[in-house]
Amino acid sequence: MRLPRASGVLLHPTCLPGPHGSGDLGPHAHHFVDWLVSAGQTLWQVLPLTGIGPGNSPYMSNSAFAGNPLLIDLTELQREGWLDAADLEPTAHLQHARLDFAAVHPFRMERLAKAARRFAAAGSAAQREDFGRFRHEQADWLGDYALFMSLAERFEWKDWWLWDPPLARRAASALDAARRAHAERIAFWEFCQWRFFRQWAALKAYANGKGVRIIGDAPIYIAALSAEVWARPELFELDATLQPTVVAGVPPDYFSTTGQRWGNPLYRWAEHEREGFAWWVQRVRRAFELMDILRIDHFRGFAGYWEVPASEATAVRGRWCPGPGEALFDALARALGELPIIAEDLGVITPDVVALRRKYDFPGMCILQFAFDADATNPYLPHHHEHERVVYTGTHDNDTTAGWWDKASEREKHLARAYLDTDGREMPWTLIRSAMASVADTAVIPLQDVLTLPSDCRMNYPGEPNGWWSWRFEWGQLQPWHAQRLREFVTLYGRAPA
């Protein structure tokens, strides 16, 4: 599906300012929408909104469907009467410049628990009716998720296949007993999802009303310690003990000489196809309830994926296996119609990946930081761009452009200076201009590049499991000229809102 010519900014909500240690879905998110409008931007790209997993990564979620409770705006809970003003006072450990997960998690979860108790004790009839409506609307995943989270806490986040066998294997009597024993905590997890979904719906409606569309992100894989792997083990490559036999990753590449061993369980694609890809239809349908456009991470895995034995410490000794290919996307098209999907087609791209993407008119991605390491044949150079592409200066997995330029080889710098006709002193904005000028229909710029920030402000480093996802900005960093210059670019290069 071809997207209209437009541009936007990549910023995860956790990176927003705010007093409670992390950005969230509250007033600062709405203000960011206003800033996008002032800058002439009509797209806001976020990372996965699902819960975080090992290393605090949103790409290792404990559910493919549930929202991240840490994104819930606490001020809204106070307005509803479920928190006191004193509950919103930040503690000394909460930071503005960085997200300290060790401090943010207990602060926010304690207040969410208090709000859930007050709602349970004194929620109004209208509130209870809306909560009941939400539970009914999301019944196809919410019950399993809330029970899973309650049991995961009970077993101190051990791998679920190490739980008591009747619960690990979902014996009906054991599940019924667990629902009774953990009823209060199950209600808490359902409460969190209710507030997340209602707050996100309000934020999306606000953005859409201002002419801003949301680009979401769906990781191809989910974590082994997740509600869906526990609830539907037959859909994943698990052995008789319910442990993964093979895991996901990518072979050695630009980011790592040993590849990336992600560790997610792989799909048993034959089983998915046998049930008409119903799980995937459900997942994508739910995603489009939250997003206007969906970026599917690691699209190449649908054509062929890198299978790593679970016993291997790195991804070097893996092998390529065929993915579901057209069968999956035909099933999605039959069920959901034409969908605005962006295919993240970076890495080792073979002709079958290109053919799969083009058959369904999914735009792929071009990264300008990758464009200058060879010669004029490099496919990421702007003269090779196509309309049905999304061009980025860099993504959440890249260094900031200022950091990339500081570390670039002399060969890269020479080609970039010559190609872009620049002295290199303002490289982040030079690449922003190049992205805006590209024939690619969509241009997306990380906010770090708008602010010309250095390497210590990058969001993630692939292959390094800890220490990332914590960058935040403050409003004082954004000056009027940032918005003015972006607006000039969208006007000059035909990306201005209609």
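Couple of notes before you dig in:
- When both region 91-138 and region 356-388 are represented by their alpha-carbon centers, they are found 43 Å apart.
- Take every pair of alpha-carbon atoms less than 8 Å apart whose residues are at least six positions apart; their mean separation over the length of the chain yields a relative contact order of 21 percent.
- Extension gain, T75-L336: 0.36 nm per intervening residue step, less the Cα-Cα distance, totals 90.3 nm.
- At q = 0.12, 0.22 Å⁻¹, base-10 log of I(q)/I(0) for region 371-421 (Debye sum, equal scatterers on each alpha carbon): -0.28, -0.92
- Fully extending the segment from Q95 to N208, taken as 0.36 nm per residue of separation minus the present Cα-Cα distance, adds 37.6 nm.
- Cα pair distances of region 160-293 binned at 5 Å [whole percent]: 2, 8, 12, 15, 16, 17, 15, 9, 5, 2, 0
- Per-pair calculated FRET efficiency, R0 = 41 Å: D373 and A278 via Cβ, rounded to 0.05: 0.45
- The chain: antiparallel DSSP beta bridges as a percent of all, rounded to 5: 40
- Equivalent ellipsoid of region 453-498: semi-axes from √(5λ) of the C-alpha gyration tensor, largest first, are 31, 15, 8 Å.
- What the Cβ-Cβ distance of A270 and H136 gives, at R0 = 41 Å and to the nearest 0.05, is a FRET efficiency of 0.80.
- Both radii come from the Cα set of region 279-416: Rg as radius of gyration, Rh as Kirkwood radius; their ratio Rg/Rh reads 1.01.
- Take every Cα pair under 8 Å whose residues are at least 6 apart in sequence, average their separation, divide by the length of region 211-276, and the relative contact order is 32 percent.
- Max-minus-min Cα coordinates of region 43-121 on each principal axis give 34, 29, 29 Å, with the largest extent listed first.
- Residue list for region 360-385, given a label point 7 angstrom along the Cα-to-Cβ vector of R411 and an amide N cut-off under 14 Å: 371-378
- Mean separation of Cα contacts under 8 Å, 6 or more apart, over the residue count of region 361-498: relative contact order %: 26
- Helical mean residue ellipticity (222 nm; -39500 (n - 2.57) per DSSP H run of 4+; nearest 500) of the chain: -12500 deg cm²/dmol
- Computed from the C-beta positions of T245 and A181 and an R0 of 35 Å, the FRET efficiency is 0.60 to the nearest 0.05.
- Overall, region 126-195 carries a charge dipole of about 120 debye about its Cα centre when +1 sits on the Cβ of Lys and Arg and -1 on the Cβ of Asp and Glu, all other atoms neutral.
Bear in mind these aren't lab numbers, they're just calculated from the coordinates by the rules spelled out. Note that the coordinates shown come from a computational prediction; the quantities given were computed from them, not determined experimentally. So basically every Cβ, Gly included, is an ideal-geometry build from the backbone, and we count neighbours across all protein chains shown.
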